[in-house]
Amino acid sequence: MHTEPRRSDPSWLSPLPEWIGETVVVDLAGPFLCIGRLAAVDMGFLTMTDADFHDLRDSNATRESYVIDSRRVGVRRNRSKVLIKLSEVVAVTKFEDVD
């Protein structure tokens, strides 16, 4: 399930508190994505812990192949905690829902 932000309507955030403690994939604007444990959600930021914040320009992998490979090998933790601006979020998916 993807949750797409509508900046004028914060109701898109409503399912996210139920996902706190879950590992999620956050697709961001531009060449970035983050995979990690969702720790908190507020009106300005997602807080992720034990996260892999990845710049797709650093590899030949596509967004999809990187996430699928992460399902196979596990999250490549490179941040103990990261704050993500909600205005940069394109989609949020539970890691377990990635095929």
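One residue stands out among those in region 4-22 that are part of a helix (DSSP H, G or I) and over 16 Å from Ser87 (Cα atoms): the one that is modelled with the highest pLDDT, which is Trp19. One residue stands out among those in region 13-48 that are surrounded by 16 or more Cβ atoms within 10 Å (Cβ to Cβ) and polar (S, T, N, Q): the one that is nearest to Arg79 (Cα to Cα), which is Thr47.
So which residues in region 25-62 are part of a strand (DSSP E or B), closer than 16 Å to Lys81 by Cβ and of a type in the set (D, E, K, R)? Those that are part of a strand (DSSP E or B), closer than 16 Å to Lys81 by Cβ and of a type in the set (D, E, K, R): Arg37, Asp50, Asp52. Each residue in region 23-44 was checked for being aliphatic (A, V, I, L, M), touching a helix residue (DSSP H, G or I) at 6+ places or on another chain (Cβ under 8 Å) and modelled with pLDDT of 95 or more, and 6 pass. One residue stands out in region 53-99 among those that are closer than 22 Å to Leu13 by Cα and touching a helix residue (DSSP H, G or I) at 6+ places or on another chain (Cβ under 8 Å): the one that is surrounded by the most Cβ atoms within 10 Å (Cβ to Cβ), namely Val92. Close contacts from region 57-85, counting a first residue that is closer than 25 Å to Phe45 by Cα and free of Cβ contacts under 8 Å to residues at least 60 places away in the same chain and a second that is outside any helix (DSSP H, G or I) and among the polar types (S, T, N, Q), with Cβ to Cβ under 6 Å and a gap of 6+ residues or different chains, come to Lys81/Thr49; Leu83/Thr47.
The values are calculated or read from the model by the stated rules, or taken from the named source; none is laboratory data. Everything quoted here is computed from the prediction, not taken from an experiment. We place every Cβ from the backbone using ideal geometry, glycine too, and count neighbours over all the protein chains shown.
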